[in-house]
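Okay, so here's the structure we're looking at.
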Amino acid sequence: MVRFVIGVALVAALAARCGEASPSPVTPSPASSASSASSASPAVTASPPAGSAGCAAGPVLARGEHLMSFGGLQRRFLLSLPAGPGPHPVLLNLHGMGSNAVEQAVYSRLPDVGARRGYIVATPQSAEGRFGWTLPHMGGPDDTGFLGALLDRLEQGLCVDRRHEFAAGMSLGAGMSAGLVCALNGRLAGVGLVAGVNIVRPCDDPRPTTVIAFHGVADRVVPYEGGPPLRFASEKLRKLGALVKLPPVEQAAGGWARAFGCTGRADGTPARGVRLRGWTACRGGVTVRLYSVRDGGHTWPGAREVPRLGATTRALDATGVILDAFDAAPPR
């Protein structure tokens, strides 16, 4: 019954804008790394980091699992730390519906790879008893507030570069990441959206933000061509999915490009079976990119196979490409 009620709330969210999203369940098995090609990111002019309060106070947070109180709830997050004094960019790594922080950490490999590349990576858990994130402007635990407070805590307890804060996620975690572009009032410099770019539409006049998305053309959970989601699910969830209509993935990515006033294109084929649609010359120097994976399922490119969610390409490593994009993103 709990899952049914949550499903209803998520279905209702699909009809709205900017932080209201769709049901996109994913329960990935723990995954291992998969090496593959990544796409080079355009160079940007380096700017001096803006060190947080934690730079002066010294680090008080350690690698591992942490608890924090927010909104009357005990919230959990996993923390992975880079070497060196910083300031370091910070990345929120958001799990999908039905998954959890541990699975997302292993499946995405962002904590491991990100820390080696100089990122503080926090992988938070949705509220206890919930099947996924409460999207911005929806009823339930205030996950937007929690994630903003988590960034605040990281800034206070570690040496964070406040001009380079990011979010990335899988499925509903991608929808939550996209919703944060507006819900955190332009705080994020970039978002990485795997299998969920069409869950949340841009708000009016969003602050320019680097957006990099990946989507399998054969995704049956969050369909590439749009329309009802959850096509592989139980009859009950399929009936819920039939109440909504997702926009096509390419249309959704183009919506972000239009919102940022992009006037240039940079399309290509960066890997076998992968098509890149890129938008350039956007406000603030940001870019929008969509990697469409032929025959790809509801999966993270380069991750371990999760057969029930469809095929996973080995030709492209979403983890590396996301970090490349964040490295090149214009600062806040």
Number of positions in segment 186-240 that are on the phi > 0 side of the Ramachandran plot and at pLDDT below 95: 4
For segment 172-199, name all the residues that are among the hydrophobic types (A, V, I, L, M, F, W, C) and over 20 Å from residue 299 (Cβ atoms). 180, 181, 182, 183, 184, 188, 189
Just give me the residues in segment 87-125 being surrounded by 24 or more Cβ atoms within 10 Å (Cβ to Cβ) and without any contact (Cβ under 8 Å) to a residue 40 or more places away in the chain, in sequence order. 111
Which residue is surrounded by the fewest Cβ atoms within 10 Å (Cβ to Cβ), if the candidates are limited to segment 290-311 and must be in contact with a strand residue (DSSP E or B) (Cβ under 6 Å, 6 or more places away or on another chain) and over 18 Å from residue 108 (Cβ atoms)? 295
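Identify, from the list 151, 184, 193, the residue that is crowded, with 24+ Cβ neighbours inside 10 Å and of a type outside the set (Ser, Thr, Tyr). Write out each step before concluding.
Numbers: 151 fails: crowded, with 24+ Cβ neighbours inside 10 Å; 184 fails: crowded, with 24+ Cβ neighbours inside 10 Å.
One residue alone meets the criteria, 193.
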Which ones in segment 252-270 are among the small types (Gly, Ala, Ser), buried (at least 17 other Cβ atoms within 10 Å of the Cβ) and in contact with a Ser or Thr (Cβ under 7 Å, 6 or more places away or on another chain)? none
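The values are calculated or read from the model by the stated rules, or taken from the named source; none is laboratory data. Fair warning: this is a prediction, and the values are worked out from it, not measured in the lab. A quick note on method: Cβ atoms are made from the backbone with ideal geometry, for glycine too, and the neighbour counts reach across all protein chains shown.
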